[in-house]
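To keep things clear, I will list the structure first and then write my remarks on it.
Nothing in this text is a laboratory measurement; each read-out follows from the coordinates by a stated rule. Since the model is a prediction, treat every value here as computed from it, not as a measurement. Virtual Cβ from ideal backbone geometry, glycine too; neighbours counted across all protein chains shown.
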Amino acid sequence: MSRGRIKDGRGDEDGGDADGNGQDGASKGKGKGKDKDVKIKTEILFLERCLALLKPGGRLGIVLPEGIFNNPSLQAVREFCEDRAFIQAVISLPADTFESSKASVKVSLLFAQKFTVAQQAAFDATRAAACAEVERRYAPEIEAEDRRLRQAITEVRAVGDGERAKALQIRESRSVLKRQFRYPMFMYGATAVGITATGEADDNELYPNDRKPASIAMTCLEEYRAFKAAYADLFEGGGRT
């Protein structure tokens, strides 16, 4: 993926910490070489802009629909984030968290820390090495495929096979990259977040408070801090959250 936006255009990178609320909706823009409108979900634009506004090492907290984290068609969005920041924590919230505000979309909290200049350089070098490793590993197959496509370039099926082979190669290079550029990520599924579906006060397991559920020993924040302390030597993002 390029160092630019998820789709088109560029973002400034001159801000500090950022927080945001991803929302449902879409933004329209012109497709490349076409008059058709293309729709980009508003939450993707929010996420992209927040990352662009962060200074190197800046931290982000944002509420996003869970589709961003698990929808196969949004893999490019997840990789866009992974290529620019350490994903420090993902906290899944109950489906009825914002129901009292007439919002029924299930959401999660994303906490990330943008790479410093040195960390970005290290990530880019690791990614380049991972791509080169996969290309070397499959050099004979790639060369054979190129020859086959040159011989049968007019056949639609051959072109399709070539595109699929390239997609598989890219997917494998991403897998190699994740093995070589590893760091811990905290994940938590919350069931009590301080508000009921009708907007009344309720138990809250997210942070220390006087309504912490009796069934849990530590709140989400306390567990995160313990997790971060346990992996202090692997936490590349730095800074206390």
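Work out how much length Ser101 to Glu135 would gain on full extension: take 0.36 nm times their residue separation and subtract the Cα-Cα distance, in nm to one decimal.
7.2 nm
Tell me, Leu221, Leu177 in order of fewest to most beta-carbon neighbours within 10 Å?
Sorted ascending by nearby Cβ count, the order is Leu221, Leu177.
Hey, which of these cross-link pairs are over 27 Å Cα-Cα: Lys41/Lys106; Lys55/Lys102; Lys106/Lys212; Lys114/Lys212; Lys55/Lys178; Lys41/Lys114?
Among Lys41/Lys106; Lys55/Lys102; Lys106/Lys212; Lys114/Lys212; Lys55/Lys178; Lys41/Lys114, the Cα-Cα distance tops 27 Å for Lys55/Lys102; Lys114/Lys212.
From the backbone phi of segment 206-212, what are the Karplus-calculated ³J(HN,Hα) couplings (6.51 cos²θ - 1.76 cosθ + 1.60, θ = phi - 60°) in whole Hz, Gly and Pro given as x?
6, 8, x, 6, 7, 10, 5
Counting other Cβ atoms within 10 Å, which chymotrypsin sites (Phe, Trp or Tyr not before Pro) in segment 63-109 have at most 15 and lie in a DSSP loop?
Those that pass, being in a loop and sparsely packed, number zero.
Apply 1/(1 + (r/R0)^6) to the Cβ-Cβ distance of Glu66 and Ala201, taking R0 = 30 Å, and write down the FRET efficiency to the nearest 0.05.
Efficiency at R0 = 30 Å is approximately 0.75.
For the residues Ser73, Ser100, Ser173, what sequence is obtained by ranking on other C-beta atoms within 10 Å, fewest first?
Ser73, Ser100, Ser173
Within 10 Å of each residue's Cβ, count the other Cβ atoms and sort Thr116, Thr219 from fewest upward.
Thr116, Thr219
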